[in-house]
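Okay, so here's the structure we're looking at.
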Amino acid sequence: MKRRTLLLTGTGALGALVVGWGVMPPRSRLGDAHTLPAVDGQVGLNGWIKIASDGAVVLAMNRSEMGQGVHTALSQLVAEELDVPLGRVRLTEAGHDAIYGNIAAFLGNVPFGPRDHERAVFKFSTWITAKVGRELGLNLTGGSSSTADAWDTLRLAAATARAQLLGAAALKHRLPVDELTVKDGTIHHASGPLSHYGELAAQAALTPPGQVRLKDSKQWTQIGRALPRADLAAKVDGSARFGLDVRQQGQVFAAIRHCPMLGGGIGPANVDAVRARPGVLRVVALGPIAGSTAAYAVVARTTWHAREAAKALEVDWQPPPNGRLDSKAILAALEAEARRAHAAGDGFAFLKQGDAAGALAGAATKLEAVYSAPHLAHVTMEPMNCTAQVLDGHVTVWAPTQVPGFARDVAARVAGVAPDKVTVHVTYLGGGFGRRLDIDFVGQAVRVALEMGGLPVQLVWSREEDMTHDFYRPAEVSVLQAGLDAAGKPVALAITGASDAIVPRWAERVLPGLAPTLDLLNRNAFPDGRAPAALLARGDAPDKTASEGLFELPYAIPNARVAHRPTHSGVPVGMWRGVGHSHHAFFKEGFIDELAHAAKADPVAFRFELLEGLPRHQAVLKRAAEAAGWGQPLPEGLARGVAVHESFGSVVAQVVEVTKQDGRPRVKRVVCAIDCGIVVNPGIVVRQMESCIVFGLTAALWGRIDIVDGEVQQKSFPDHPLMTMAQCPVIETHLLPGDGPPTGVGEPGLPPVAPALANAWFALTGDRKRKLPLMSQ
Amino acid sequence: MELKVNGQAMTLPEIASDPAMPLLWALRDGLHLTGTKFGCGIAACGACTVHVDGQATRSCVTPLEACRGKAITTIEGLGSPDHPHALQLAWLAEQVPQCGYCQSGMLMAAAALLAKNKNPSDADIDAAVSNLCRCGTYPRVRAAIKQAAGGLKK
């Protein structure tokens, strides 16, 4: 407890600092009538809602659409409270006001488990974190947080606007406001329709809303409905504009070649010969920008000319100053460190209850296992790209980004202008999965644009550059130990993992200005000097994001210590779909399966009993098991495995059916059950589960990044298989809507699939898999 | 150089007329038909799939010289707002796309399949649609192809 309190003190210090910087109106994220620019006769009612003259609702969209359906889900919240059909909500870019920051993503980093929610320390830390998040106003689409973050804010903004419009109608028509109703954006009275929103907007902007009430859930007509996604028509006729589809007057194109060795440098190159090639305009040397490896960019009149010229570059690549990375050596070092720390009781214990060591020593049955996971690449289908123009001291950026504010900041830093001289347009994202929380490619594009005399330039990474210069999901090795009593009940659990810290590395890249504060936090986190000097010197704080998925232990095991050693291998690491949960669910749910086996218990029944007191966990587990026919016989050659895992506030259980084909696992069916609180759009939730499962199966079966002599070995799809149509199992999803506010959807379906598959494989073959990917063994 | 795209004769700008230039870049950078996507450049992912004389073709490795005199169809020409292709309607009914980036290629591969085979089996679909999707839309792609095929049979 003491350590947690200390962590919070650190956060509190940060909060105090930040509060001093900005003078925000207390608590409000509503903004005002002038937060949004008034264009085309639109009238702003608050920082989120404008009314167009035809009565359409214009919503300031602060989140990036990368396939998760967020533009539709957030529009649905607004359509609901304003009583307009979804098709009457138009989107406009939100801009950079702090009201558009993502508080829910911050709250996702409060390090507590599901059994802590009633504790004062949890409530306090949630409160202070929300305050800090509000003041920082960092806008990011990630952490499966968009709907949770918008839930109160957008409904309140829409309901406030509605109240103002109703008030304006009452004034205009001289009728009591409580005799007025709204239908499809038109105010009605018993006598008939009066005025539509567009006719009332100017007056509404001057009308105080009075007391604003959100609709009761019984009145909802749109929340909870599987409304079709608003962006899909454009995604079936080729008209949707992704980053790579930006086309501006006079636009030129750039290709890039990074030093193949991660963190390496560039030496002399055959620049003159490359510049003489057809269509080539410039060759630009790029130093490291926002965590990137140094590179050359070649600008040409078409992407093809740029790509061909980039291939012709002959560069004297320079080895990285800190040596060439080797993933095999890193995994060996992580295992050695996890074992050492485990034996020494070292590492930061996010969870410490009872006496794990003592209970382990006295246990009737002892188990010990080492689990590991490799580095992973994001592999978005749309490779990294950005279009930038620097003209008359103003920078314009068109970027598929999850962090428009950080994109603006890096553009300003690179161009040497103030942030208000930068305009960022967020396009559709051809996949994000956390890769586009980084802004290296934005900084590079702006750097190249500076050389182009005002021409817009589109920087396009090749697939090979994209795969070999990612910010990878860190590799991890964990030592897991457990003890069962004579009745087969778990009495002790001790886990120590070692993997690279993620958030400190990411923060250095996207928020270099905050680095000193993070350093301060690091020091506060280890005031008793328990952090080894070497770690402190390198600035590695206990990292919740790298540790999550293990310490929030749902299982009732009285004596437990779950610790993590944040390391710093030098591999560029970042946020990957599910982040820490992506591999920790595999460790935890694989090991629990081992305990069930040792206890000679049924894997579902064993878990169910240990989940006593957590009804959401028990309910999804029960539903998935029932729907999958758990306990009923399967045809010869098929077996089932189960896993249940909470992440980003949602609880997901999955049952995988697997068979053996050519000696290898072949997934036939996945049954999924999720509780993600109130469901705004069930269709979107179901499809996100399908997405998570396919993404997670690719990782579980084949996903790996190997680094040899500093170079990533997997270059493109032939070396890095993705699941195909022919390999895709049948997927069946069941929603268990809760009555609490919405929780995460974009990631929580991913973590359980790897362990459910490995557990099924064990049931089929007796071969326990403790290392990912499964196909490498 | 002239190219017949979506039923129209189009003149490529000179910079996009090199016979060695892959069709993908002529479409995207020369004609600004950006619905056809770049995913890998080595015909491994299918995001760039178009029809060349009705055949599903990965345009990132198809040089312009191989397209002379041939009819090119891209996603922009698969249907029209008034007459969408049956697959486009099925795609919306099944709510197939997620990020949407690979979907042009998926649709073009599926359309070439249905043009030849009005009643494809699962194995036919697996063989004809080897396009990669990172978002995992495969189950819905399959369902939408079957739905469209059902409509075509009527």
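The values are calculated or read from the model by the stated rules, or taken from the named source; none is laboratory data. Here the structure is a predicted model, which is why all the values come from computation and not from measurement. As a convention, Cβ positions derive from the backbone with ideal geometry for all residues, glycine included, and neighbour counts pool all protein chains shown.
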Filter result for B:Ala148 (under 21 Å from B:Thr57 (Cβ atoms), more than 7 Å from chain A (Cβ to nearest Cβ), small (Gly, Ala, Ser) and touching a residue at least 60 places away in the same chain (Cβ under 8 Å)):
yes
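Only one residue in A:Gly580, A:Gly549, A:Gly613, A:Gly570 is surrounded by 21 or more Cβ atoms within 10 Å (Cβ to Cβ) and on the phi > 0 side of the Ramachandran plot, so which one is that? Lay out the reasoning, then the answer.
Numbers: A:Gly580 fails: on the phi > 0 side of the Ramachandran plot; A:Gly613 fails: surrounded by 21 or more Cβ atoms within 10 Å (Cβ to Cβ); A:Gly570 fails: surrounded by 21 or more Cβ atoms within 10 Å (Cβ to Cβ).
One residue alone meets the criteria, A:Gly549.
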Residue count, segment A:706-744 (criterion: facing chain B (nearest Cβ under 9 Å), among the aliphatic types (A, V, I, L, M) and in contact with a strand residue (DSSP E or B) (Cβ under 6 Å, 6 or more places away or on another chain)):
2
So which residues in segment A:673-685 are surrounded by fewer than 23 Cβ atoms within 10 Å (Cβ to Cβ) and within 12 Å of another protein chain (Cβ to nearest Cβ)?
A:Pro682, A:Gly683
Restricting segment B:20-34 to residues that are within 7 Å of chain A (Cβ to nearest Cβ) and part of a loop (DSSP other than H, G, I, E, B), the residue that is nearest to the chain's Cα centre (by Cα)
B:Thr34
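Residues that are at pLDDT 95 or above and over 30 Å from A:Glu589 (Cα atoms), at least 2 per element: which strands (runs of 3 or more DSSP E) completely within segment A:264-376 meet that?
Numbers: elements: A:280-286, A:295-300, A:348-353, A:365-373.
Qualifying strands (runs of 3 or more DSSP E): A:280-286, A:295-300.
Count, please, the residues in segment A:74-107 that happen to be farther than 15 Å from A:Gly142 by Cα and within 22 Å of the chain's Cα centre (by Cα).
Within segment A:74-107, the subset farther than 15 Å from A:Gly142 by Cα is A:75-99.
Within this subset, residues satisfying the condition of being within 22 Å of the chain's Cα centre (by Cα) are A:75-77, A:93-99.
Number satisfying all stated conditions: 10.
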I'm told A:Val656 meets every condition in (1) in a strand (DSSP E or B); (2) crowded, with 24+ Cβ neighbours inside 10 Å; (3) within 14 Å of chain B (Cβ to nearest Cβ) except one. Can you identify the failing condition by its number?
(3)
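May I ask you to say which residue of A:Arg770, A:Arg704 is over 21 Å from the mean Cα position of the chain (by Cα) and surrounded by 17 or more Cβ atoms within 10 Å (Cβ to Cβ)? Talk me through it step by step, then tell me what you get.
Working: A:Arg704 fails: over 21 Å from the mean Cα position of the chain (by Cα).
Selected residue: A:Arg770, the only one of A:Arg770, A:Arg704 that is over 21 Å from the mean Cα position of the chain (by Cα) and surrounded by 17 or more Cβ atoms within 10 Å (Cβ to Cβ).
Select from segment B:69-93 the residues that are more than 15 Å from the chain's Cα centre (by Cα) and touching a residue at least 12 places away in the same chain (Cβ under 8 Å) and list them in ascending order. It would help to see each step written out before you state the result.
As a first pass, look at segment B:69-93 and keep what is more than 15 Å from the chain's Cα centre (by Cα): B:69-70, B:81-83, B:89-90, B:92-93.
B:Gly69, B:Lys70, B:Leu89, B:Ala90, B:Ala93 - these are the residues of segment B:69-93 that are more than 15 Å from the chain's Cα centre (by Cα) and touching a residue at least 12 places away in the same chain (Cβ under 8 Å).
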Output the qualifying pairs, or none if there are none: Cβ atoms under 7 angstrom, residues six or more apart or on different chains, first residue in segment A:421-443 and within 14 Å of chain B (Cβ to nearest Cβ) and closer than 16 Å to A:Val460 by Cα, second residue basic (Lys, Arg) and surrounded by fewer than 24 Cβ atoms within 10 Å (Cβ to Cβ).
A:Thr427/A:Arg241; A:Tyr428/A:Arg241
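Which residue is farthest from the other protein chains (Cβ to nearest Cβ), if the candidates are limited to segment A:250-263 and must be touching a Phe, Trp or Tyr at 6+ places or on another chain (Cβ under 7 Å) and either among the small types (Gly, Ala, Ser) or not in a loop (DSSP other than H, G, I, E, B) (or both)?
First, pick out the residues of segment A:250-263 that are touching a Phe, Trp or Tyr at 6+ places or on another chain (Cβ under 7 Å): A:256-257, A:259-261.
Then keep just the ones that are either among the small types (Gly, Ala, Ser) or not in a loop (DSSP other than H, G, I, E, B) (or both); that gives A:256-257, A:261.
Working: A:Ile256: 14, A:Arg257: 14, A:Met261: 22 Å.
Only one residue fits best here, namely A:Met261.
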Is there any pair with a first residue in segment B:10-32 that is closer than 18 Å to B:Gly69 by Cβ and a second that is of a type in the set (A, V, I, L, M, F, W, C) and at pLDDT below 95 whose Cβ atoms are under 7 Å apart and which are 6 or more apart or on different chains, and what are they?
B:Leu12/B:Met1; B:Ser17/B:Met1
Among the residues of segment A:73-112, which ones are more than 19 Å from A:Leu30 (Cβ to Cβ), out of contact with any strand residue (DSSP E or B) (no Cβ under 7 Å at 6 or more places or on another chain) and not in a helix (DSSP H, G or I)?
A:Pro85, A:Gly108, A:Asn109, A:Val110, A:Phe112
Which one is farthest from the other protein chains (Cβ to nearest Cβ), of the residues in segment B:67-86 that are under 18 Å from B:Cys48 (Cβ atoms) and assigned to a helix (DSSP H, G or I)?
B:Cys67
Residues of segment A:89-135 satisfying the condition of being among the basic types (Lys, Arg) and either farther than 18 Å from A:Asn62 by Cα or surrounded by 22 or more Cβ atoms within 10 Å (Cβ to Cβ) (or both)
A:Arg115, A:Arg119, A:Lys123, A:Lys131, A:Arg134
Taking segment A:720-766 and keeping only residues that are without any contact (Cβ under 8 Å) to a residue 12 or more places away in the chain, surrounded by fewer than 16 Cβ atoms within 10 Å (Cβ to Cβ) and part of a helix (DSSP H, G or I), one is left with A:Ala726
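Step by step: first the residues of segment B:94-106, then only those that are crowded, with 24+ Cβ neighbours inside 10 Å and more than 8 Å from the chain's Cα centre (by Cα), then the one that is farthest from the other protein chains (Cβ to nearest Cβ). Which residue is that?
Of all residues in segment B:94-106, those crowded, with 24+ Cβ neighbours inside 10 Å come to B:96-106.
In the following step, the residues that additionally are more than 8 Å from the chain's Cα centre (by Cα) were identified as B:96-103.
On the way: B:Val96: 8, B:Pro97: 4, B:Gln98: 3, B:Cys99: 3, B:Gly100: 3, B:Tyr101: 3, B:Cys102: 5, B:Gln103: 6 Å.
Only one residue tops the list, namely B:Val96.
Does segment A:5-15 include one or more residues that are at pLDDT 95 or above, farther than 14 Å from A:Arg155 by Cα and surrounded by fewer than 24 Cβ atoms within 10 Å (Cβ to Cβ)? Before you say what the answer is, go through the steps one by one.
So in segment A:5-15, the residues at pLDDT 95 or above come out as none.
Within segment A:5-15, not a single residue is at pLDDT 95 or above, farther than 14 Å from A:Arg155 by Cα and surrounded by fewer than 24 Cβ atoms within 10 Å (Cβ to Cβ).
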So B:Ala109 passes all but one of these: (1) touching a residue at least 60 places away in the same chain (Cβ under 8 Å); (2) within 11 Å of chain A (Cβ to nearest Cβ); (3) in contact with a Gly (Cβ under 9 Å, 6 or more places away or on another chain); (4) not in a helix (DSSP H, G or I). Which condition number does it fail?
(4)
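Each row is one residue, and each column tells you yes or no for (1) under 16 Å from B:Val129 (Cα atoms); (2) buried (at least 21 other Cβ atoms within 10 Å of the Cβ).
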residue	(1), (2)
B:Phe38	no, yes
B:Cys45	yes, yes
B:Gln55	yes, no
B:Arg58	yes, yes
B:Glu65	no, no
B:Gly69	no, no
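Here are some residues: A:Ala364, A:Ala356. Which one is closer than 25 Å to A:Ala560 by Cα and buried (at least 20 other Cβ atoms within 10 Å of the Cβ)? Give the derivation first.
Details: A:Ala364 fails: buried (at least 20 other Cβ atoms within 10 Å of the Cβ).
None of the others qualify; the one that does is A:Ala356.
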Considering only segment B:113-135, I want to know if a residue exists there that is assigned to a strand (DSSP E or B) and either modelled with pLDDT of 95 or more or within 12 Å of chain A (Cβ to nearest Cβ) (or both).
no
Filtering segment A:444-464 for residues that are away from every other protein chain (no Cβ under 11 Å) and either aliphatic (A, V, I, L, M) or assigned to a helix (DSSP H, G or I) (or both) leaves a count of 11
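Can you find a residue in segment B:95-104 that is closer than 21 Å to B:Arg58 by Cβ, in contact (Cβ under 8 Å) with a residue 60 or more places away in the chain, of a type in the set (Ser, Thr, Tyr) and not in a loop (DSSP other than H, G, I, E, B)?
Taking segment B:95-104 and keeping what is closer than 21 Å to B:Arg58 by Cβ, we get B:96-97, B:99-104.
Of the ones still in play, those that are also in contact (Cβ under 8 Å) with a residue 60 or more places away in the chain are B:101-102, B:104.
Of the ones still in play, those that are also of a type in the set (Ser, Thr, Tyr) are B:101, B:104.
Narrowing further to those that are not in a loop (DSSP other than H, G, I, E, B): B:104.
Checking segment B:95-104: at least one residue is closer than 21 Å to B:Arg58 by Cβ, in contact (Cβ under 8 Å) with a residue 60 or more places away in the chain, of a type in the set (Ser, Thr, Tyr) and not in a loop (DSSP other than H, G, I, E, B).
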Exactly one condition in (1) in contact (Cβ under 8 Å) with a residue 24 or more places away in the chain; (2) over 21 Å from the mean Cα position of the chain (by Cα) is not met by A:Asp543; state its number.
(2)
Selection from segment A:373-394 of residues that are more than 14 Å from chain B (Cβ to nearest Cβ) and crowded, with 21+ Cβ neighbours inside 10 Å
A:Ala373, A:Pro374, A:His375, A:Cys386, A:Ala388, A:Gln389, A:Val390
